[in-house]
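What follows draws every value from the coordinates through simple rules; no lab data is involved. From a predicted model like this one, the values you see are computed outputs, not experimental measurements. With ideal geometry, Cβ positions are generated from the backbone for all residues, glycine too; neighbour counts draw on all protein chains shown.
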Amino acid sequence: MFKPEVYKKRRENLKKSLSKGVYLFMGNNETPMNYPDNTYHFRQDSNFLYFYGLDIAGMAAIIDIDNDKEIIFANDMDIDDIIWMGPQPSVKELASKCLINETQPFSKLADYLQKSKKSGQKIHFLPPYKHDNMIYLNKVLGLPFEKMKDEASLEFILAVIALRNVKEQIEIEEIDRACNIGYLMHTTSMRMTKPGLYEREIAGVMEGVSLSYGSVPSFPIILTKNGQTLHNHYHGNKLQAGDLMLQDAGAQTPMYYASDNTRTLPVGGKFTTKQREVYEVVLNSINGSIKLMKPGVKYFDVHLSASEILASGLKDLGLMKGDIKEAVKLGAHALFMPHGLGHMMGLDVHDMEDLGQINVGYDKDTRPSDIFGTAFLRMGRELKSGYVLTNEPGVYFIPELIDIWKKERKFTDFINYDKLEAYRDFGGIRLEDDILITEKGSRILGEKRIPISVEEVESFMRG
Ligand code: GLY
């Protein structure tokens, strides 16, 4: 945990933007995998972590603005728990680590909320995403399941986002740490990738590297020779010389901060000419887009510029044609990059996605697009110093999508479908770095950038 004052200060700052009522933070519970005692790896709710820091299942907290109260609700461990888990701190001791004085057993939370509601106080809660917490809110507050997301408090959501969007120095240090572990995960794979190995052998070692630094992967590792499937979690293919292998992985530090990087490697250690040409299009796009990032610039525009660099490179290769600005405006490039350039990152890989991407990545001045491809952009708003984002352009050749667009004669002014035939089995290339917006510009997070140029990757793989 950070120092106790950190959590108190965050709550004090939060309270400045809250109006009236009771603000409820639901922590997470253990989640059974296949029977109650065999649970998934516990992950605390990130909002609870941000304001209380306590990585313990079965907790909740309230800030009651009207009565000037802050309470943590949780049960002390009993002797049965201690026999299996060893000595455990009391809830009072835990609460003191985030400077909360009042604690009550978990069962008292329902009384507190129901009494507050009866007395006319509004109960503000964040959008629940765990079914057990949804059942609890249904039972205690009588909220219908289908309305639960809509009835979450927008005031509360926006106040939390305003704080969590801008990273504190201590958070940036943690994200740098996560990136340094991510560097080791990715470069270990670069050293070991060769023909004859199965994807799972490399993915397993990458996961092991993160575990050996006290971390876990920040999301299930994507590692595949079929990089044209954006989030491919199948690791059962045997690698052959000439394959491309896309690896999208990051670490979550013991303080729960994430990294998220993608590299694409030539399995034999050397890109073919065709692979190198497409790789350099993606490389130009990531490098060009990072250069544009500074406070005051809309990320939506960075996405469009990255897409234009990509489309212009594809035009040089003869795969696209016509007016590139127009092509991107209309979404023709999305045949090759059907996703957004990047997303916010912090305690979550897609930071605060639970609070609604429209609230995190957009605001009244920047609204999401409804054009295929750009519509999947998770972040569009103006950049501020302290924001942390990923940039992850890619070029993918998705045969099923190509076939549909070709049949519909979609964007024939911008796409050379005949030339595309020779790329049907190419796969996909994505490159991704994590970026901090600084006072005047931006920097790539982590001590060293993971090898990315063609020469760096090939020389690293030679080893
Ligand atoms: N890099 C994984 C993701 O953005 O979901």
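Looking at segment 25-134, what % of its DSSP beta bridges pair antiparallel, to the nearest 5?
Bridges in segment 25-134 are about 75 percent antiparallel.
Along the charge dipole of segment 218-308, Cβ charges K/R +1 and D/E -1, which of G227, I286, P266 sits furthest on the positive end?
Of the options given, the answer is P266.
If one puts a single equal scatterer on every Cα of segment 129-259 and applies the Debye formula without solvent, what log₁₀ I(q)/I(0) results at q = 0.14 Å⁻¹?
At q = 0.14 Å⁻¹ the computed log10 ratios are -0.79.
In whole Å, what are the extents of segment 19-160 along the principal axes defined by its C-alpha atoms, from largest to smallest?
Sorted largest first, the three principal extents are 44, 35, 25 Å.
Per Stokes-Einstein, at 37 °C and 0.692 mPa s, what whole-number D in µm² s⁻¹ belongs to segment 252-354, with the Kirkwood radius over Cα pairs as the hydrodynamic radius?
Using the Kirkwood radius from Cα pairs, D works out to 212 µm²/s.
What pairs in K16/K384; K16/K364; K149/K315; K149/K440; K167/K410 have C-alpha atoms more than 32 Å from each other?
K149/K315; K149/K440; K167/K410
By the gyration tensor of its Cα atoms, with a ≥ b ≥ c the square roots of the eigenvalues, what is the shape of segment 194-295: rounded for a/c under 1.5, prolate for a/b over b/c, or oblate?
Oblate.
Could you give the Stokes-Einstein D for segment 307-366 in µm² per second, using the C-alpha Kirkwood radius, 37 °C, 0.692 mPa s?
Answer from the Stokes-Einstein relation: 244 µm²/s.
What does the charge dipole of the chain about its Cα centre add up to, to the nearest 20 debye, if the Cβ of each Lys and Arg holds +1 and the Cβ of each Asp and Glu holds -1?
The dipole of the chain has a size of about 780 debye.
Pick out, from F51, P32, I79, the residue whose Cα sits farthest towards the positive end of the charge dipole of segment 1-131, with +1 on the Cβ of Lys and Arg and -1 on the Cβ of Asp and Glu.
The residue sitting most towards the positive pole is F51.
How big is the gap, in Å, between the Cα center of segment 25-64 and the Cα center of segment 293-314?
38
Given the -39500 (n - 2.57) contribution per DSSP H run of 4+ residues, what per-residue ellipticity at 222 nm results for the chain, rounded to the nearest 500 deg cm²/dmol?
Helices in the chain give a 222 nm mean residue ellipticity of -11500 deg cm²/dmol.
Would you work out the relative contact order for the chain, in percent, from Cα pairs under 8 angstrom that are 6 or more residues apart?
Relative contact order comes out at 15 percent.
Find the eigenvalues of the gyration tensor of the Cα atoms of segment 355-396, then list the square roots of 5 times those eigenvalues as equivalent ellipsoid semi-axes, largest first, in whole angstrom.
18, 15, 9
Through the Karplus equation 6.51 cos²θ - 1.76 cosθ + 1.60, θ set to phi - 60°, convert the phi angles of segment 71-78 into ³J(HN,Hα) values in whole Hz; use x for Gly and Pro.
9, 9, 10, 6, 9, 5, 5, 9
Tell me the Rg and the Dmax, in Å, that the Cα atoms of segment 1-62 produce.
When restricted to Cα atoms, segment 1-62 yields Rg and Dmax of 14.1, 44 Å.
So how long is each side of segment 38-99 along the principal axes, counting just the alpha-carbon atoms, biggest first, in Å?
Each principal axis gives a Cα extent; for segment 38-99 these are 41, 23, 16 Å.
Once you charge only the Cβ atoms, +1 for Lys and Arg and -1 for Asp and Glu, what is the size of the charge dipole of segment 121-244 about its Cα centre, to the nearest 20 debye?
Roughly 300 debye for segment 121-244.
When the dipole is taken about the Cα centre of segment 404-463, and only Lys, Arg (+1) and Asp, Glu (-1) are charged at their Cβ, what size is it in debye, to the nearest 20?
Computed about the Cα centre, the dipole is about 240 debye.
Which log10 I(q)/I(0) values, to two decimals, does the chain give at q = 0.07 Å⁻¹ under the Debye formula with one point per Cα?
-0.41
Taking the number of other C-beta atoms within 10 Å as the exposure measure, put I157, I135 in order starting with the fewest.
By the 10 Å Cβ count, ascending: I135, I157.
Output the peptides 287-293, 192-198, 228-234, 430-436 sorted from most to least packed, where packing is the average of other Cβ atoms within 10 Å over each peptide's residues.
Peptide ranking by packing, descending: 430-436, 287-293, 228-234, 192-198.
Which of F414, F426 comes first, and how do the rest follow, when ranked by fewest Cβ neighbours within 10 Å?
Final ranking by Cβ density, sparse to dense: F426, F414.
Return the sequence-ordered ³J(HN,Hα) values of segment 323-337 in whole Hz as given by the Karplus equation 6.51 cos²θ - 1.76 cosθ + 1.60 applied to θ = phi - 60°, using x for Gly and Pro.
Coupling constants for segment 323-337: 7, 5, 4, 5, 4, 6, 4, 7, x, 5, 5, 5, 4, 9, 10 Hz.
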